[in-house]
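What follows is a short report on a single structure.
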Amino acid sequence: MPRSHSHLPLSSADHHHHLYSKSGKTKKSLQLQPLSQHRTSLLVVVASLLCFLIGIAGITFSVFAFLRPRPIPIFRCGRTQDTFRAFYSLPSSRRLVGRDSSAGTGTVTDRPKFLGFVGIQTGFSSADRREALRSAWFPSEPEGLLRLEQATGLAFRFVIGRTKDAKKMAELEKEIDKYKDFMIIDIEEEYLRLPNKTLAFFKAAFELFEADYYVKADDDIYLRPDRLATLLAKERTHPTYIGCMKKGPVITDPKLKWYEKSGHLIGNEYFLHAYGPIYVLSAEVVASLTIARNNSLRMFNNEDVTIGSWMLAMNVHHEDNRAMCDPRCTPTSIAVWDIPKCSGLCNPAMRMKELHAVDMCSKSPTLPPDDR
C-alpha cells in the first residue's frame, strides 16, 4: 500500500524557502517595533508638555488673581447703599468692630456707633463741588476718612439719590469706585423734591448708623469737622434742633425765588427755623421721623421750611448757633458760606479752595485761646 506523501521529508529547496519566510516575518517585526515605540514616546512627551503648560497657566492665573486688587463690597440695606462700610473691618477701624460674645470674634456692627453722622447732600451735576471738597476739608482717601472719623467721632458721606439717566449713573459709579465715600438713597434725585430727599436721607442714615446726632449739610459750605464735633459733644437732655435760626416774610409770588406754594397755610411770616445749608437733629427727633409715613408729613416747596414745620409739630428745643452760618472764617466758625448773598458759597468749586488756603480757615485751633 503506498505511503502518504504528507509524511515525506521536505526537500532541501522547500526547507530553505520555509526558513526564509520565517526570517522575513522576523525582520518585518523588528523593523515595526522601533517605529511603534518612537510614536508612543512622542505622544507621552506631547501629553507631558501639554499638562506642564496647563499647570503653569493655572499657577499664573492663581498668582494674578491673588495679587489683583479685590473690589470693595458695597453694603446694602434695601435699596440704600453705603459704599464705605467695608472699610470698617480693617484693623485701623477696630473701634467700629463689635464683639460677638458667643463666638469671641470681631464682626462688623450693623449700625456703627458715632457721635454724629454727617450727610453731605449732593447731586449729579455737582462733581466739581465734590472734587473741591476733597481737596479741602473732606479727605480724598479712605484711610483719611477713617482717621477723621476716629478723631472727631463723626462719620461723613456724600448723599445722593438715583436717576434713570444711564450715562449719569455710569459716571457716578466711576466716582464711587475711586473714592468709596457715598451713601446712595432710594429716591429720584430732583431739585424740586429736596424735602422728600431730606426725609429719605434721615430715614436711611438712622437705619444704617447709630448716632447721637444726624447732620444735614450741603456740598457748598466750608466746614470745620473738629468744631462741629465739639458742638455736638455738649450735654443735652432734650430732643434738639440745632442750626442758624431765622425768620422772614413768606414769599407768595411765583415769579420770585423761594416761592412758597402753600404760603397761605403759614401766614405772612415764617416760623423760627434753621437755614438749609447745615442743621442738626438729635437721635430722638430722627427716630420719630423714621416711623412717620411719607404722605403723613406736609411738604412745603422749601426744604428748610419743611423741616422747620416738622420741628414745631414735634415740640423740640431750637438751639440757635451763629457759628454755623459765618460769612468768613473766624476762631469759632463751624460752617462758612456767603450768607446772605448765596445759600452756600458763591462759586463753591473755586471758593472752597480759596478758603482752605487761608490759615484761619484750615489751620486755626479747634477752640479759641480763651476757651482752651
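The single condition among (1) within 24 Å of Asn196 (Cβ to Cβ); (2) open to solvent by less than 40 Å² (accessible area, probe 1.4 Å) that Asn321 does not meet is (1). Scanning segment 162-179 for residues that are open to solvent by 30 Å² or more (accessible area, probe 1.4 Å) and within 15 Å of the chain's Cα centre (by Cα) yields Arg162, Met169, Ala170, Glu171, Glu173, Lys174, Asp177, Lys178. Among the residues of segment 230-285, just one is charged (D, E, K, R), over 24 Å from Arg193 (Cβ atoms) and open to solvent by less than 50 Å² (accessible area, probe 1.4 Å), namely Arg236.
So which residues in segment 139-161 are without any contact (Cβ under 8 Å) to a residue 60 or more places away in the chain and surrounded by 15 or more Cβ atoms within 10 Å (Cβ to Cβ)? Across segment 139-161, the qualifying residues are Pro139, Ser140, Pro142, Leu146, Glu149, Ala155, Val159, Ile160, Gly161.
Take the residues in segment 196-229 that are in a loop (DSSP other than H, G, I, E, B) and more than 19 Å from Asn302 (Cβ to Cβ), then tell me which one is least open to solvent (accessible area, probe 1.4 Å).
Quick first cut of segment 196-229, residues in a loop (DSSP other than H, G, I, E, B) only: 209, 219-221, 224.
Restricting the remaining residues to those that are more than 19 Å from Asn302 (Cβ to Cβ) gives 209, 224.
Values: Phe209: 0, Arg224: 19 Å².
For segment 196-229, the residue satisfying everything is Phe209.
Condition (residue is more than 25 Å from Pro225 (Cα to Cα) and touching a strand residue (DSSP E or B) at 6+ places or on another chain (Cβ under 7 Å)) applied to segment 260-271: is it met by at least one residue? Taking every residue of segment 260-271 in turn, at least one turns out to be more than 25 Å from Pro225 (Cα to Cα) and touching a strand residue (DSSP E or B) at 6+ places or on another chain (Cβ under 7 Å).
Of everything listed in (1) at pLDDT below 95; (2) open to solvent by less than 40 Å² (accessible area, probe 1.4 Å); (3) on the phi > 0 side of the Ramachandran plot, the single unmet condition for Gly104 is (2). Filtering segment 286-310 to residues that are more than 23 Å from Leu208 (Cβ to Cβ) and touching a strand residue (DSSP E or B) at 6+ places or on another chain (Cβ under 7 Å) leaves Asp304, Val305, Gly308. Quick one: is Leu289 in a helix (DSSP H, G or I), open to solvent by less than 20 Å² (accessible area, probe 1.4 Å) and within 30 Å of Lys353 (Cα to Cα)? Against the criterion (in a helix (DSSP H, G or I), open to solvent by less than 20 Å² (accessible area, probe 1.4 Å) and within 30 Å of Lys353 (Cα to Cα)), Leu289 does not qualify. Residues satisfying the criterion are present in segment 212-224 (criterion: modelled with pLDDT of 95 or more, over 28 Å from Ser135 (Cβ atoms) and in contact with a strand residue (DSSP E or B) (Cβ under 7 Å, 6 or more places away or on another chain)). Taking (1) at pLDDT 95 or above; (2) part of a strand (DSSP E or B) in turn, Gly98 satisfies each apart from (1).
The values are calculated or read from the model by the stated rules, or taken from the named source; none is laboratory data. Model, not experiment: these values are computed from the prediction. All Cβ positions, glycine included, derive from the backbone under ideal geometry; neighbour counts span all protein chains shown. When the accessible area is computed, the model is the full protein with side chains, heavy atoms only, and any ligands, DNA or RNA have been set aside. Shrake-Rupley method; radii C 1.70, N 1.55, O 1.52, S 1.80 Å.
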